[in-house]
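Reviewing the structure listed below.
The values are calculated or read from the model by the stated rules, or taken from the named source; none is laboratory data. This is a predicted model, so every value here is computed, not measured. In this analysis, Cβ positions are derived from the backbone assuming ideal geometry, glycine residues included, and neighbour counts consider all displayed protein chains. Surface areas here come from the heavy atoms of the whole protein model, side chains and all, with no ligands, DNA or RNA. Shrake-Rupley method; radii C 1.70, N 1.55, O 1.52, S 1.80 Å.
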Amino acid sequence: MKKLRILLCLALAALCLGALAGCNSDQKGDTARPAVVVGFSQLGSESGWRIGNTASMEQAAKDWGFGLMLDNANQRQEKQIAAIRSFISYQVDVIVFSPIVETGWENVLNEAKKAGIPVILMDRMIDAKDDSLYTAYIGADFLAEGRRAGEYLIKKADDMRAKHLNIVEITGTVDSTPMRERQLGFREAIGGDERFTLLESISGDFLRSKGEECMRYLLHRYGTEGIDVIYSHNDEMTLGALDVLESVGMKPGQDVVIISVDGQQTAVDALLEGRINCIAECTPHLGDAVMALVDALSRGEEIPKQIHPEETVFSEFDDLSGLEPRGY
Ligand code: GYE
């Protein structure tokens, strides 16, 4: 056991030195500790959004001259908890993490609090009664994203003069903030409108492969004629669903209304081709704003408890000719 612990310490030290090499430092030498070290636990690489988000954090750490210890948890909460513990033992200046689900963080966040290390929640929230367990949350207003998706659908139904539309929903990871709130916001927007029936809601875990699986199941259950609208909580799952629809000869965007969330380049391209009807934007470019908070904390300044980036919606009703490349 002791041996294992020593090995773990050595591995951690090697990881830290590797991760921190080349950063600005307050001492001489390549491996000296930078003035500010950020421990960042990323939840995985499940989507174009997530990969863009990791790149944004890495770039911003470089731009601000901060050391970044990055750990990718590959979709496993226990790996995130272990990473946060390692950041605490390394005594990083700030911990940033993107919680894969909302529950189960109290213990490890209490440990960070006891160690006096501020925690910034990035992208997703936690469900904790005690809001002193984190210093700030920076991430999208997912409720607003869901509402925008629903508002688009109302407009579309008016435009189609539809009497009745059957909707299926492919959700993100169960118990994650974007899943919960994108679901809620959408229902809020369309609720009470009797033209809509929500046939079923199933989780595709934000993964393209599961989006495909969900679509196959939904087609099997409701048939090619039974589904009028697909509301999918992210672009990866949407792209998976498009493949399946096209493989059975359907024309997504025409035979069935496709509503997605995120706005990664491949999905925006599909929107421009008419294969997706609407995308509620969610930006992964949070790195710079996160590092600005880290900087403020390192100067002992107060920071806001909650920050939402500005976001919009792209749809077939908009002129998208001037849209800049998305960068993810
Ligand atoms: O929409 C999805 C990703 O938490 C906002 O996670 C993020 C979501 C994003 O996998 O593509």
Those residues of the stretch 30-74 which are part of a loop (DSSP other than H, G, I, E, B), without any contact (Cβ under 8 Å) to a residue 40 or more places away in the chain and open to solvent by 20 Å² or more (accessible area, probe 1.4 Å) amount to D30, T31, R33, S45, N74
Residue by residue through the stretch 95-114, note down the ones that are part of a loop (DSSP other than H, G, I, E, B) and either among the aliphatic types (A, V, I, L, M) or more than 23 Å from G287 (Cα to Cα) (or both).
-> I100, V101, T103, G104
Residue check: is I276 of a type outside the set (D, E, K, R), farther than 28 Å from D127 by Cα, in contact with a Ser or Thr (Cβ under 9 Å, 6 or more places away or on another chain) and in a loop (DSSP other than H, G, I, E, B)?
-> yes
Just one of the numbered conditions (1) in contact (Cβ under 8 Å) with a residue 40 or more places away in the chain; (2) over 20 Å from the mean Cα position of the chain (by Cα); (3) part of a loop (DSSP other than H, G, I, E, B) is not true of L271; which one?
-> (3)
In the stretch 290-310, what count of residues is obtained for those that are crowded, with 16+ Cβ neighbours inside 10 Å and under 21 Å from the mean Cα position of the chain (by Cα)?
-> 5
Looking at the stretch 79-109, which of its residues are more than 16 Å from the ligand (Cβ to nearest atom) and polar (S, T, N, Q)?
-> S86, S89, Q91, N107
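M160: within 28 Å of P304 (Cβ to Cβ) and aliphatic (A, V, I, L, M), yes or no?
no
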Please give the number of the condition M125 fails out of (1) closer than 17 Å to L184 by Cα; (2) crowded, with 20+ Cβ neighbours inside 10 Å; (3) under 22 Å from the mean Cα position of the chain (by Cα).
-> (2)
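Take V92 and decide whether it is at pLDDT 95 or above, among the β-branched types (V, I, T) and not in a loop (DSSP other than H, G, I, E, B).
On the way: at pLDDT 95 or above: yes; among the β-branched types (V, I, T): yes; not in a loop (DSSP other than H, G, I, E, B): no.
So V92 does not fit the description; no.
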Among the residues of the stretch 178-192, is there at least one that is among the basic types (K, R) and touching a helix residue (DSSP H, G or I) at 6+ places or on another chain (Cβ under 6 Å)?
-> yes
Keeping to the stretch 231-247, report how many residues are open to solvent by less than 10 Å² (accessible area, probe 1.4 Å) and within 16 Å of the ligand (Cβ to nearest atom).
-> 10
Of K156, K163, which residue is more than 16 Å from the ligand (Cβ to nearest atom) and either open to solvent by 50 Å² or more (accessible area, probe 1.4 Å) or touching a Phe, Trp or Tyr at 6+ places or on another chain (Cβ under 7 Å) (or both)?
-> K163
Please verify whether the stretch 270-283 includes one or more residues that are surrounded by fewer than 19 Cβ atoms within 10 Å (Cβ to Cβ) and within 14 Å of G48 (Cβ to Cβ).
-> yes
Residue check for I117: in a helix (DSSP H, G or I), in the same structural domain as V294 (by TED's automatic domain parsing) and farther than 16 Å from S176 by Cα = no
Kindly indicate whether D269 is modelled with pLDDT of 95 or more and under 25 Å from I227 (Cα atoms).
-> yes
Those residues of the stretch 185-205 which are surrounded by fewer than 20 Cβ atoms within 10 Å (Cβ to Cβ), away from the ligand (no atom under 16 Å from the Cβ) and assigned to a strand (DSSP E or B) amount to T197, L198, L199, E200, S201, I202
For R182, work out the one condition from (1) within 23 Å of E311 (Cβ to Cβ); (2) within 12 Å of the ligand (Cβ to nearest atom); (3) open to solvent by 60 Å² or more (accessible area, probe 1.4 Å) it doesn't fulfil.
-> (3)
